[in-house]
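**Q** Got a structure here, written out as structure tokens. Questions coming.
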Amino acid sequence: MTSTTVALTVDGTTLTCKGAIAKLETEFTGLPSGSVARVVLGDVPSRIDVRAWALRKGHRVIEDAHRGDVFELLIAKQGRPEPPSGAGAGFGGR
Amino acid sequence: MMLMVSVQNLDEAREAVAGGADIVDVKNLREMMVGSNFPPVVREVRNAFPKHIHVSVTLGVVPNQAGTVAMAVYGAAALGATSVKVGFIETDYETALRILRESRRALEGFDTKLIAATFADSHLYHGIDPTLVVKLGKESKSDGMLIDTLVKDGRNLFDFLGEHQLKELVLEAKEAGMSTALSGTLKIANLHTLVRINPDIVGVRGAVCTRGDREKGAVDSAAVSVLREELHQRLTGKVDVFAGVEPPALRVPS
């Protein structure tokens with residue numbers, strides 16, 4: 001993982017009714033632009049969903065690593081959404 | 001993704017938990033197939049397991065009476081339910097919203113989560129549009145949403161709502177901070193699609209009952225265990241649920 005300062009860590013590997021996106025929505029939204037969240041995920045569909053969520057919200061995935069049984073993503077909060085690069089954008093990189 | 005198994009009594013709840021269920025959903029099949037069970041049954045099930053095993057209570061299809069439903073919701077909370085599900089069929093949007101808001105108020109002081117539920121096959125009963133569940137959940141400040149089916153004639157969730165539509169609803173609900181659950185005669189054959197949609201909770205009964213019969217059969221721990229493992233294989237990518245599938249384009253805010 002890079003030396004980027006992480007403002008928020010969301011552990012999506014612990015089974016709860018609310019998944020990582022719900023947690024990101026409630027906790028990441030209040031942080032200033034440029035803040036970075038580390039998201040730890042235990043499964044492939046959640047990784048794809050979080051990447052899709054970041055795209056929809058205009059945030060930037062600056063790192064996406066597979067470490068053992070988990071995926072670790074670093075997401076930088078942006079000020080406004082970016083357009084998708086094509087159909088199905090956000091599902092790549094799995 | 002959590003596995004929710006619908007049970008009718010403590011014996012079935014024990015089977016579900018032994019097989020790896022995360023949530024036991026207490027219901028009563030004799031009341032419209034998705035109805036409420038009796039308070040002593042809920043209490044017995046709740047007392048049998050530690051808190052990390054969630055016990056949900058379904059109120060099934062509720063009447064259009066906000067006070068009656070709020071009292072039932074309060075009852076579920078008083079019994080220690082992790083969540084209580086309030087489902088609508090022949091209810092207009094404003095009435096459903098009022099019922100959910102009163103249910104929310106009834107849960108003040110409790111940890112019990114409020115789940116707004118609609119039925120994918122609602123149109124068969126001239127009922128409320130099931131896709132309104134996310135809007136209902138948001139406006140009532142519900143903790144989560146569930147889309148189920150009412151018909152138990154072999155058709156299932158995907159006979160009424162498509163993958164792309166469900167995916168959008170699930171993402172929208174997650175973005176609103178809600179938990180998301182899908183149910184409705186789901187089987188192992190549906191796991192590929194379910195995992196692509198990726199709700200927080202998947203609910204089953206018939207698929208984990210003896211003889212695959214949700215009514216005459218009983219929840220079987222071995223069947224629960226098999227389904228749990230099949231789900232795990234897909235979640236971890238050991239079975240690739242995205243192989244050969246063109247992912248739907250994502251809606252991006254303009």
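No value in this document is a laboratory result; all are computed from the given coordinates. Because the structure is a prediction, the values reported are computed rather than measured. Glycine gets a Cβ as well: all are built from the backbone with ideal geometry, and neighbour counts include every protein chain shown.
**Q** Students often check this: by mean Cβ neighbours within 10 Å, which of B:197-204, B:21-28 ranks highest, and how do the rest follow? Write down the numbers at each step before the final one.
**A** Details: B:197-204: 26.1, B:21-28: 24.6.
So the order, starting with the most tightly packed, is B:197-204, B:21-28.
**Q** Roughly how crowded by other chains is peptide B:226-237, in terms of the mean Cβ count from those chains within 10 Å of each of its Cβ atoms? Before the final figure, lay out the partial values.
**A** Numbers: counts 0, 0, 0, 0, 0, 1, 1, 0, 3, 5, 4, 6.
Whole-number average of other-chain Cβ neighbours for B:226-237 is 2.
**Q** Ordered by residue, what ³J(HN,Hα) values in Hz, to whole numbers, does segment B:15-22 give under the Karplus form 6.51 cos²θ - 1.76 cosθ + 1.60, where θ = phi - 60° and Gly and Pro are x?
**A** My calculation for segment B:15-22 gives 4, 4, 5, 4, x, x, 5, 8 Hz in order.
**Q** Follow-up. Ranking A:F71, B:F119 by Cβ neighbours within 10 Å, fewest first, what do you get?
**A** Details: A:F71 24, B:F119 27.
Sorted ascending by nearby Cβ count, the order is A:F71, B:F119.
**Q** With just the Cα atoms defining each centre, how far is segment B:127-187 from segment B:1-56? Give it in Å.
**A** Taking the Cα centre of each part, segment B:127-187 and segment B:1-56 sit 21 Å apart.
**Q** What aspartates and glutamates sit close enough to B:K174 to cross-link, taking a C-alpha to C-alpha distance under 14 Å and skipping anything fewer than 8 places away on the same chain?
**A** Those aspartates and glutamates meeting the cut-off are A:E25, A:E27, A:D49, B:D143, B:D200.
**Q** Now, a different point. For B:D25, which sequence-distant residues (separation of 5 or more, or a different chain) have an amide H within less than 5 Å of its own amide H, given hydrogens modelled in the peptide plane?
**A** B:V5, B:S6, B:V7, B:S56
**Q** Using unit Cβ charges (K, R positive; D, E negative) and no other charged atoms, how large, in debye to the nearest 20, is the dipole of the protein assembly as shown about its Cα centre? All intermediate terms of the calculation are to be shown ahead of the outcome.
**A** On the way: 41 positive and 42 negative charges, 101 e Å.
In total the dipole reaches around 480 debye.
**Q** Considering only DSSP beta bridges whose two residues both sit in the protein assembly as shown, what percent are antiparallel, to the nearest 5? Could you put the intermediate results ahead of the total?
**A** Values: 15 of 52 bridges.
Percent antiparallel among DSSP bridges in the protein assembly as shown is about 30.
**Q** What's the magnitude of the charge dipole for segment B:144-201 around its Cα centre, counting Lys and Arg as +1 and Asp and Glu as -1 at the beta-carbon? Answer in Debye, nearest 20.
**A** Values: 6 positive and 8 negative charges, 40 e Å.
For segment B:144-201, the charge dipole is close to 200 debye.
**Q** Rg to Rh for segment A:8-76: what is it, with Cα atoms only and Rh by Kirkwood?
**A** Details: Rg = 10.9 Å, Rh = 11.9 Å.
With Rg and the Kirkwood Rh in hand, the quotient comes to 0.92.
**Q** Within 10 Å of each Cβ in peptide A:55-64, how many partner chain Cβ atoms are there on average? Round it to a whole number, please.
**A** Across the residues of A:55-64, the mean count of other-chain Cβ atoms within 10 Å is 1.
**Q** Using a Gaussian network model of chain B with C-alpha springs under 10 Å, which one of B:Y125, B:Y74, B:Y93 is most mobile by mean-square fluctuation?
**A** Evaluated over chain B, the most mobile residue of the options is B:Y125.
**Q** Using unit Cβ charges (K, R positive; D, E negative) and no other charged atoms, how large, in debye to the nearest 20, is the dipole of chain B about its Cα centre? Don't jump to the answer; show the numbers that get you there.
**A** On the way: 29 positive and 32 negative charges, 76 e Å.
It works out to roughly 360 debye.
**Q** Checking the table A:K77/B:K238; B:K27/B:K152; B:K27/B:K187; B:K51/B:K135; A:K18/B:K51 against a 21 Å threshold on Cα-Cα, which pairs fail? Mind showing how you got there, number by number?
**A** Details: A:K77/B:K238 32 Å; B:K27/B:K152 15 Å; B:K27/B:K187 19 Å; B:K51/B:K135 30 Å; A:K18/B:K51 16 Å.
Beyond 21 Å: A:K77/B:K238; B:K51/B:K135.
**Q** Work out from phi, with θ = phi - 60° and the Karplus expression 6.51 cos²θ - 1.76 cosθ + 1.60, the ³J(HN,Hα) of each residue of segment A:50-66, listed in order in whole Hz, and give x for Gly and Pro.
**A** Result, rounded to whole Hz: 5, 5, 5, 4, 4, 4, 4, 8, x, 8, 10, 7, 9, 7, 8, 10, 9.
**Q** To continue, here is another question. Using Cα-Cα distances under 8 Å and only pairs 6 or more residues apart, what relative contact order does chain B have, in percent?
**A** On the way: 515 pairs, mean separation 44.6, N = 254.
It rounds to 18 percent for chain B.
**Q** Then there's this: Could you check the simple spin-label distance between A:T14 and A:S33, using points 7 Å along Cα→Cβ, in nm with one decimal?
**A** Inter-label distance under the simple model: 3.3 nm.
**Q** For chain B, what D do you get in µm² per second when you plug the Kirkwood radius from alpha-carbon pairs into Stokes-Einstein at 37 °C and 0.692 mPa s?
**A** Details: Rh = 18.1 Å.
It diffuses with D of about 181 µm²/s by this estimate.
**Q** Right, another one. Rounded if a/c is under 1.5, else prolate if a/b is larger than b/c, else oblate: which is the protein assembly as shown, with a ≥ b ≥ c the root eigenvalues of its Cα gyration tensor?
**A** On the way: a/c = 1.66, a/b = 1.44, b/c = 1.15.
In terms of gyration-tensor shape, prolate.
**Q** In segment B:2-235, with Lys and Arg counted as +1 and Asp and Glu as -1 at Cβ, which of these residues, B:L146, B:G19, B:V134, has the Cα nearest the positive end of the dipole, that is, farthest along it?
**A** B:G19
**Q** Where both partners of a DSSP beta bridge lie in segment A:8-76, what percent of those bridges are antiparallel, to the nearest 5? Write out the running numbers ahead of the final one.
**A** Details: 13 of 17 bridges.
If we restrict to bridges inside segment A:8-76, about 75 percent are antiparallel.
**Q** Another question, if that's okay. In segment B:150-254, which GluC sites (Glu not before Pro) are in a loop and have at most 15 other Cβ atoms within 10 Å, using DSSP for the loop call?
**A** Details: sites: B:E163, B:E168, B:E172, B:E175, B:E215, B:E229, B:E230; in loops: B:E215.
Passing both the DSSP loop test and the Cβ count: B:E215.
**Q** Peptide B:196-205: average number of partner chain Cβ atoms within 10 Å per residue? Before the final figure, lay out each step's value.
**A** Details: counts 5, 2, 10, 2, 9, 3, 0, 0, 0, 0.
Mean inter-chain Cβ contacts per residue within 10 Å come to 3.
**Q** Need one number: % antiparallel among DSSP beta bridges in segment B:2-235, to the nearest 5.
**A** On the way: 2 of 35 bridges.
Just about 5 percent of them are antiparallel.
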